[in-house]
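Here's the structure, in structure tokens; my notes come after.
The values are calculated or read from the model by the stated rules, or taken from the named source; none is laboratory data. It should be emphasised that the depicted structure is a prediction, and the values quoted were computed from it without experimental measurement. Glycine gets a Cβ as well: all are built from the backbone with ideal geometry, and neighbour counts include every protein chain shown. The accessibility values were calculated without ligands, DNA or RNA, using every heavy atom of the protein model including side chains. Shrake-Rupley method; radii C 1.70, N 1.55, O 1.52, S 1.80 Å.
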Amino acid sequence: MNISVALGGGGSKGNSHIGVLRVLEQEGFRIRAIAGTSFGGLVACFYAAGFSPDQIEETFASADQSRLYDRVGDESPSFLGLGGVYKWLDHHLGDRTFEGLKIPCALTAVDLRTSSEIILRTGRLRDAILATIALPGIFPAYHLDEYELVDGGVLDPVPVALARSMAPSLPVVAVTLTTPLGQPARSPSMPFASTLPSPLLSRLSSLRITRAFDIFMRGIDIGNRQITELRFQLEKPDVVIRPRVDDIGLLDRVDVHQVAKSGEEAARAMLPELKRAVSWPNRLRRFFGDN
């Protein structure tokens, strides 16, 4: 049962991708290609490098979430830095490249200079990950070659077409972490607000700049949800898995194991659809439809 997978972004919610991948493996699905955006790109790279879902979960759970977003001196202007993420990636992935991966993998980013989507599929994994997770304004843009790169989710929240391009004859399983249109979504919180003392948090939440940030992030979220649904209509993934992670903020400190379980539950709920997508009738329809 061969498939390709597209993993969307969503910050801390992205740990649910681990559970989805684990269930797919347990149920006998063989992932032949994987594409990712933002946190989905991070998970995609680890998986394509040969880390099992269990190993990814333990690696992510062992990270000191309080040190990931330290700033370093030469980063471009942003609310938070990625100095800790750089060190963490260097420790776990080192100089691994796309050329040495076990399965085809590609990530997306957006070039601020040309306003175009950039596909990252060559060179060091660390560079590609730092580019695809660079949420504009929150994290610094990542300079790579002639590009000034930010989060690929700006234009492509779940890279379905990219996953399909790497394995054209296979069904694409898309994993999105956005709330469906028409349903209320959680109001984004200030980064690390949950770690602040209650009196300070109370004062911070009453500031105009905090309320303005909340409105800004809610607007970004609405746009992201709309783009996701429109691209799904256009690119038609064979199966869409949507973990229930609405209660998790963008940069919340989370229990990685618990969030991964959300992904497991969502994947198991979609097993009938997954098995239908790889059935012989659908495989024949896909083959003759493409030829």
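One table, with the values for the structure above:
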quantity: Sole exception among (1) of a type outside the set (A, V, I, L, M); (2) open to solvent by 60 Å² or more (accessible area, probe 1.4 Å); (3) modelled with pLDDT under 95; (4) under 26 Å from residue 254 (Cα atoms) for residue 74, by number; calculated: (4)
quantity: From 14, 84, 50, 28, residue being within 23 Å of residue 221 (Cβ to Cβ) and either small (Gly, Ala, Ser) or under 16 Å from the mean Cα position of the chain (by Cα) (or both); calculated: 14
quantity: Single residue of the stretch 228-283 satisfying the filter (closer than 14 Å to residue 179 by Cβ and among the small types (Gly, Ala, Ser)) that is modelled with the lowest pLDDT; calculated: 249
quantity: Cross-chain or 6+ apart pairs with Cβ under 6 Å, the stretch 80-104 first and part of a helix (DSSP H, G or I), then at pLDDT 95 or above and open to solvent by 50 Å² or more (accessible area, probe 1.4 Å); calculated: 98/121; 98/122
quantity: Filter pass, residue 117 being within 19 Å of the chain's Cα centre (by Cα) and assigned to a strand (DSSP E or B); calculated: yes
quantity: Tally of residues being part of a loop (DSSP other than H, G, I, E, B) and open to solvent by 10 Å² or more (accessible area, probe 1.4 Å) across the stretch 127-137; calculated: 3
quantity: Candidate set: the stretch 10-68, residues that are charged (D, E, K, R) and outside any helix (DSSP H, G or I); chosen: the one surrounded by the fewest Cβ atoms within 10 Å (Cβ to Cβ); calculated: 64
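Let's see how each residue does on (1) out of contact with any Lys or Arg (no Cβ under 6 Å at 6 or more places or on another chain); (2) among the β-branched types (Val, Ile, Thr); (3) modelled with pLDDT of 95 or more; (4) open to solvent by less than 40 Å² (accessible area, probe 1.4 Å):
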| position | (1), (2), (3), (4) |
| --- | --- |
| 110 | yes, yes, yes, yes |
| 119 | yes, yes, yes, no |
| 125 | no, no, yes, yes |
| 145 | yes, no, no, no |
| 153 | yes, no, no, yes |
| 160 | yes, yes, yes, yes |
| 163 | yes, no, yes, yes |
| 172 | no, yes, yes, yes |
| 180 | yes, no, no, yes |
